[in-house]
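Heads up: the structure comes next, in structure tokens.
Read-outs: derived from the displayed coordinates by stated rules, not from any lab. Quick caveat, the model's predicted, so the values are computed rather than measured. Heads up, the Cβs are rebuilt from the backbone with ideal geometry, glycines too, and the neighbour counts pull from every protein chain shown.
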Amino acid sequence: MTLLKLLEENNMSNIILETKNINKYFYDPVKFKVLSDINMSINEGEFVSIVGKSGCGKSTLLYILSTMDTDYEGELTINGVSLTSKTDKDLAVVRNERIGFVFQFHYLLPEYNVLKNVMLPGIKLAKHSIQEIEHKAMEQLRKLDMVDQALKSPNQLSGGQKQRVAIARALINDPLIIMGDEPTGNLDKKNSDMVFDIFNTLVKERNQALLIVTHDPDFAERTHRTIEMADGRIIS
Amino acid sequence: MNAKLIIDIAINLIRARLKQSIIAAVGVTFGIAMFVTLLGFMNGLNNLLDGLMLNRTPHVRLYNEVKPSTDQPVLISKEYKNNTNFIQSIKPKDRGREIYNSKAIINILKQDKRVIDVAPKVTAPVFFNTGSIEITGVVNGIDVPAEEHLFKVSDYIIEGNVFDLNNESNTIIIGKGLAEQMLVKVGDVVKITTIKGGLVSLKIVGIIQIGIAEIDNTMSYTSLRTAQMILGESASYITDIQVKLTDVMMSPETAKEYRAKFGIDAIDAQTANSQFETGSNVRSIISYAVGITLLIVAGFGIYNILNMMIYEKMDSIAILKATGFSGNDVKWIFISLSLIIGIVGGLFGLLFGFGLSSIIDNIPFETSSLPTIKTYPIDYKYTYYVIGFTFAVCTTTIAGLFPALKASKIDPVEIIRGK
Ligand SMILES: Nc1ncnc2c1ncn2[C@@H]1O[C@H](COP(=O)(O)OP(=O)(O)OP(=O)(O)O)[C@@H](O)[C@H]1O
Ligand SMILES: [Mg+2]
């Protein structure tokens, strides 16, 4: 009895991200439903991949889940808190603290060097001292085999190297969930495997959740669960 | 602290676009430098001209004026009480120009806390005789130490010494124009006829030049005693009491008060020199207008450059927003950026403005009419610097506000999708 209750409780608090009936429309050039009735949930420590044909709405869904896009119907809950109709400021805090995002294309600030790019969300969060953040950033870069590039400017890096810096940045605040839009799209097999391994350790050791959009069937197969999308719906 | 991070990001954005940022700042620098210099120069000139008049004018002057008699016989008639009367049969009475009880009045004035000093004076219209010609002029009998204290007469004496008036009796200092007309110099003797017909000879001990031809052509100074002697009056004869106050602004009220208190006429410096005041005001307004225009133009420069910068930095703004910066944070980044440009540009502007002022201050400016002035006058009042800097900061903030609001509204999804 007590065990059951405990399991239940555990299960309840286990859900990191949940959506209820999310619909989204685009109005330009004609009204068109990109996402229909998206219901999904992701648990702590779960490694989930999203696959589907190009143009089926994967990126669109990810922008909504990452709280950057607020123009949708339905409800989004992260860590038990409903984020629908929260202010821009609150959402910014959630993005900063709870969500790590790796884009399809590496987005780094050209004004700062690699290390500072990784540190920036940490400095913004201001939970730790600059020294601690720097130490942590170097640790992430080491795991991604990027320590020797730490003081370079982003535009002195190759595409794959930039992608790894972006991953390091997504991890700096120990987010609850890391979202990636084809984060390995620009990487070769070796680097892609390395990223996968890093993601895997995050899930195993830190119990973080991962939600990764990918076109790579091998990658998808090795994750815990694969969500397949077609024409703006989840089909399996 | 977040403010530190925001400023750090702003500084890095400036570094990335250093050339444009410097150009924007130079706009502000130029505006401020011109503003400060212009105001300093204009007000330097204003003060010079005001000084020319105001320093020569007592803040309050007490005197007796010839007035029409207010008691006309027709007013006594009950029949015409409610009518307007034109009949003024009683002519002005000759009360004389002497201020009665001048000693007592001077003593009371000297005790007044608002008064710096008091200088009695005797003025008398006279004729200067040269050959067969008579030139009209005025003799000012002055209490030399008091006059010197109030009006720095010695600044305007171009030959001789004002204290010689006291050292020798029957001496006179005459205006430069007057001396030139009569072809006389220091050491010569001039003959003077009073209105009443008296004739005296006085030795010239100095030449004075105020810088206003009209005055220099008619004016002369003697000691009080000499003037009284010329007029054949006693040692208590005084026609004017000149008062200098600690605060010029108080003069109209003070004049009014004295008028009531002593029952004599009193005029304040503002009323006596109202046309000068207007000129000064107009000059000030023009210099403020030009300076503010320059700063507004600089503001537009900042606005343009920030707009351009935001356009170029769309990607960076999108990343910042995606990694947890709110629209408000982004807004403050760009406002800080604009403020940094404004403050740096403004500080250099103050520096250059001060430099430019000092240069003008050293350019020789010698005119025979202004013997004490050797270079162009500059007013280094700190308020111009404060106003200029405040205005620069305000303009740059406003100029930065619109681009900053635009940046805060950038939708990161649109940018990220756009790649
Ligand atoms: N701003 C927009 N306005 C109108 N339609 C849009 C807009 N953005 C995307 N779409 C459309 O929405 C659909 C979903 O786009 P989305 O980028 O989510 O696809 P995706 O699944 O990520 O594709 P890919 O695998 O190629 O990245 C596409 O048909 C696209 O044309
Ligand atoms: Mg996509």
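Observations on the structure shown:
- The fraction of Cα-Cα pairs per 10 angstrom bin, counted from 0 for the stretch B:143-230, comes to 18, 53, 27, 1 percent, rounded to whole percents.
- Convex hull volume per residue for the stretch A:102-236, taking Cα atoms only, in Å³: 119
- Each Cα pair under 8 Å and six or more residues apart adds its separation to the average, and for chain B the resulting relative contact order is 28 percent.
- Distance between the modelled labels on A:Phe105 and B:Ile133, one decimal in nanometres: 9.3 nm (7 Å Cα→Cβ projection).
- Rounded to 10°, Cα long-axis angle of helix B:102-111 versus longest principal axis of chain B: 30
- Gyration tensor verdict on chain B (Cα atoms; rounded if a/c is under 1.5, prolate if a/b is larger than b/c, oblate otherwise): prolate
- Of A:Lys116/B:Lys313; A:Lys24/A:Lys116; A:Lys89/B:Lys331; B:Lys121/B:Lys196, pairs whose Cα-Cα distance is over 24 Å: A:Lys24/A:Lys116
- Counting only other chain Cβ atoms within 10 Å of each residue's Cβ, the peptide A:61-69 averages 3.
- In the stretch B:207-260, the inverse of the mean reciprocal separation of distinct Cα atoms equals 14.3 Å; this is its Kirkwood hydrodynamic radius.
- Relative contact order (percent, whole number), the stretch B:251-393, Cα cutoff 8 Å, 6+ residue spacing: 17
- Taking GluC sites (Glu not before Pro) across the stretch A:39-107, none is in a DSSP loop with at most 11 further Cβ atoms lying within 10 angstrom of its Cβ.
- Sequence-distant residues sharing a close amide H with B:Tyr376 (under 5 Å, placed H): B:Ile363, B:Phe365
- Solvent-free Debye scattering, log10 I(q)/I(0), computed from the Cα coordinates of the stretch B:232-348 at q = 0.15, 0.19, 0.20 Å⁻¹: -0.86, -1.07, -1.12
- Taking the square roots of five times each eigenvalue of the Cα gyration tensor of the stretch B:334-403, the equivalent ellipsoid has semi-axes of 36, 10, 8 Å, listed largest first.
- Taken along its principal axes, the alpha carbon cloud of the protein assembly as shown reaches lengths of 130, 68, 52 Å, longest axis first.
- Note on the stretch B:95-136: Rg/Rh from Cα positions, Kirkwood definition for Rh, rounded to two decimals, is 1.25.
- Ellipticity estimate at 222 nm from DSSP helix runs (n ≥ 4, -39,500 (n - 2.57)) divided over the protein assembly as shown, nearest 500: -15500 deg cm²/dmol
- The ratio of the alpha-carbon radius of gyration of the stretch A:117-156 to the globular-protein estimate 2.2 N^0.38 Å is 1.17.
- Taking other C-beta atoms within 10 angstrom as a stand-in for reagent exposure, B:Cys394, A:Cys56 fall in the order B:Cys394, A:Cys56, fewest first.
- Helix A:189-201 axis, angle to chain A major axis (alpha carbon atoms, nearest 10°): 70
- For A:Gly100, residues with placed amide H under 5 Å, excluding near neighbours: A:Ile177, A:Ile178, A:Met179
- DSSP-defined beta bridges in the protein assembly as shown - what % are antiparallel, rounded to 5: 65
- Tilt relative to chain B, helix B:18-50 - C-alpha long axis, 0 to 90 degrees, to 10: 10
- Prolate/oblate/rounded call for the stretch B:57-184, Cα gyration tensor, a/c under 1.5 rounded: oblate
- Annotation: amide H-H contacts under 5 Å for B:Asp411 (H modelled 1.01 Å from N, sequence separation of 5 or more, or interchain): none.
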